[in-house]
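One structure is given here, and the rest of the page talks about it.
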Amino acid sequence: MTNHRDGTTPVRVDWDARAASFDEEPDHGLRDPDVRAAWADRLRDWLPDRPGDLLDLGCGTGSLSLLAAEGGHRVTGVDLSPAMVDRARTKPAGRHAVFLVGDAAAPPVGEERFDTVLVRHVLWTLPDPGRALRHWRDLLRPGGRLVLVEGVWGTVSPVGIPADRLTALLTPLAGHTRVERLSDDPRLWGEEVADERYAVVATV
């Protein structure tokens, strides 16, 4: 994955090297029961009531994928890092989801279509977010939904994508879009946070 801190200058992160410690962040590994329960509650609200096919892009070690699978959804997780995918596959609940190595912007799913595309903290790293959103929309069945968890982090040199920019990109693509602020729920992050964190749920 390549992070674009200022929109033009790429800063490459070696996600394979970070895979071993990735789950130490409370919202990555979901090891704390309260953090895990908080994300499970959000997923139940964001995802369709009826179990369906879900594509988790930039899935990392698969924590959200496996939460969705535990809720009955048929999950395909995609991440560019083979080490992240290996860790996702070896988790106890990994048998309930399929994990693939691939680019989140162009996932290797062929003609398969999904009821939900879930993406957390990935869109802001891509050089052309609008193009990625259009491709993800085309991976959805009619009436499907995009669930995008994003934010803006830092104060001196902030990185991320503001909610208003993301909703503007979604306007021509989605029939209904809602924004849910996440910064004020410390259970999700394992601590109090002051930066902008949010989810957008868009139905196409």
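Over all other residues within a Cβ to Cβ distance under 11 Å of LEU64, the charged ones net out to 0, with Lys and Arg as +1 and Asp and Glu as -1. Computed over the range 65-139, the range of Cα coordinates on each principal axis works out to 35, 26, 22 Å, biggest value leading.
The label point for SER157 and the one for ARG178, both projected 7 Å from the Cα toward the Cβ, are 3.8 nm apart. Comparing GLU191, GLU150, GLU70 in a Gaussian network model of the chain (Cα springs below 10 Å), the most mobile by mean-square fluctuation is GLU191.
Build a GNM of the chain with springs between Cα atoms under 10 Å apart, and of GLY144, GLY77, GLY110 the one that fluctuates most is GLY110. Think of a 1.4 Å ball rolled over the protein heavy atoms: the chain then has 48 Å² of accessible area per residue. log₁₀ I(q)/I(0) of the range 147-204 at q = 0.17 Å⁻¹, via Debye over equal Cα point scatterers, no solvent, to two decimals? These q points yield log10 I(q)/I(0) values of -0.57. Sorting the segments 122-131, 15-24 by their residues' average number of neighbouring beta-carbon atoms within 10 angstrom, most packed first, yields 122-131, 15-24. For the range 85-192, give the percent of accessible area contributed by carbon and sulfur heavy atoms, probe 1.4 Å, rounded to a whole number. Using a 1.4 Å probe with all protein chains present, the range 85-192 comes out at 51 percent carbon and sulfur. For the chain, the share of DSSP beta bridges that are antiparallel, to the nearest 5, is 50%. Anisotropy class assigned to the range 84-180 is oblate, per the alpha carbon gyration tensor with a/c at or over the 1.5 cut-off and a/b no larger than b/c. With bins 5 Å wide beginning at 0, the percent of Cα pairs of the chain falling in each bin runs 1, 8, 16, 21, 23, 19, 10, 2, 0. Here is how the number arises for the chain: DSSP H runs of 4 or more residues each give -39500 (n - 2.57), the sum is divided by the residue count, and the result at 222 nm is -8500 deg cm²/dmol.
The values are calculated or read from the model by the stated rules, or taken from the named source; none is laboratory data. These figures come from a predicted structure and were not determined experimentally. We place every Cβ from the backbone using ideal geometry, glycine too, and count neighbours over all the protein chains shown. Areas reflect the complete protein model, heavy atoms only, side chains present, ligands, DNA and RNA absent. Shrake-Rupley method; radii C 1.70, N 1.55, O 1.52, S 1.80 Å.
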